[in-house]
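Each remark here refers to the structure printed beneath this line.
The values are calculated or read from the model by the stated rules, or taken from the named source; none is laboratory data. Small disclaimer: the values here were computed from a predicted structure and weren't measured. Heads up, the Cβs are rebuilt from the backbone with ideal geometry, glycines too, and the neighbour counts pull from every protein chain shown. We work out accessible area using only protein heavy atoms, side chains counted, and drop any ligands, DNA or RNA first. Shrake-Rupley method; radii C 1.70, N 1.55, O 1.52, S 1.80 Å.
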Amino acid sequence: SSGINAEYGGSIPRSPRTSSISSLGSIVFYPALNWELHNIRWFHPNLNRNAAEHILIGTNKVGSYLLRNYSKGGPDDLTVSVKYPEDVKHFPIIWQGDGYLFGKHKFDNLRKLLEHFENIPALGTADSSNSSGVFQVELRYPYPREVMHHDMTNYQAIDEHIETGARPVDIHSPTNEIQDPDFEIRQKSGYLTKRGENVKNWKNRWFVIQKHWMRYYVSKESTNPRGVVDLSKALDCNLDDSFTNGFTVTTKKRIYYIQASTEEERQAWIEMISWKLDYYNPYRPEVAKPKPLNS
């Protein structure tokens, strides 16, 4: 496809870490080169199993997936992690010296493996609750590489592996990356009670944090936010024990007084918001802690 050829075509000299001679005696097969892998926007080097699960579960989108190294295999082995309805499964892609073995399919090189992903493969795993004994998920949404990295374990066997016959897509194109909901390694939503800025009454609002945005709505079903806070420009997040399970979010323009339903929820929201502040605005100026609400 044009997307593949544009990125991987050409006669660039190669110096493989490992190679093997085929039975023809004249063809040398090369494993994937680092520059090739890093040109794949959905390849996440050194990402571990737990981090991959955290990312893909956060997308809440069945069929989202990412590619990463396989730490239990050789230096050229890979793993694709896939979001299923109830969990995330991990499938090894093994370099065998003359090609990649992915499930029951073998691909001569990385380019052919990527072409396979462009054809939206469906991976089936054993499922006793399904009448066919196999549950299939189509790999439709490659997850872009903007996450943290760790180390991995536990992998899933592929019990069924087909190409869906759907219209091929360019898996390298940002337009094919899932847009709804936003991909984000850390996101949170839930009901909180917020004090109004002008009329100082308290109202229950549905809060959603995605990327560096904190939005709040009249209800979970609402589509238009009543307010938006850019956490990349916010200054601080603090406990406020002057009211039950209270905390504050300080921006340049105002202080948001917010109440959680429990102490555990308060801590969870503070930790999330503080993480966002540190990630998106690490060099923000120090500000004085807001005065207690009832002072």
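A count restricted to segment 176-210 and to residues that are under 25 Å from residue 55 (Cα atoms) and either at pLDDT 85 or above or not aromatic (Phe, Trp, Tyr) (or both) stands at 21.
Does residue 213 fit the bill of being surrounded by 13 or more Cβ atoms within 10 Å (Cβ to Cβ), under 30 Å from residue 145 (Cβ atoms) and modelled with pLDDT of 90 or more? For residue 213, the condition - surrounded by 13 or more Cβ atoms within 10 Å (Cβ to Cβ), under 30 Å from residue 145 (Cβ atoms) and modelled with pLDDT of 90 or more - is met.
Scan 98, 87, 108 and give me the residue that is closer than 27 Å to residue 57 by Cβ and surrounded by fewer than 22 Cβ atoms within 10 Å (Cβ to Cβ). So the residue among 98, 87, 108 that is closer than 27 Å to residue 57 by Cβ and surrounded by fewer than 22 Cβ atoms within 10 Å (Cβ to Cβ) is 87.
Just one of the listed residues (238, 245) is without any contact (Cβ under 8 Å) to a residue 60 or more places away in the chain, at positive phi and either of a type in the set (Lys, Arg) or surrounded by 15 or more Cβ atoms within 10 Å (Cβ to Cβ) (or both), and it is 245. Within segment 109-137, being within 22 Å of the chain's Cα centre (by Cα), in a loop (DSSP other than H, G, I, E, B) and at pLDDT 80 or above holds for one residue alone: 119.
Taking the criterion of being open to solvent by 40 Å² or more (accessible area, probe 1.4 Å) and under 18 Å from residue 213 (Cβ atoms), the residues of segment 255-281 that qualify are 271, 275, 278, 279, 280.
Restricting segment 241-295 to residues that are within 24 Å of the chain's Cα centre (by Cα) and assigned to a loop (DSSP other than H, G, I, E, B), the residue that is modelled with the lowest pLDDT is 282.
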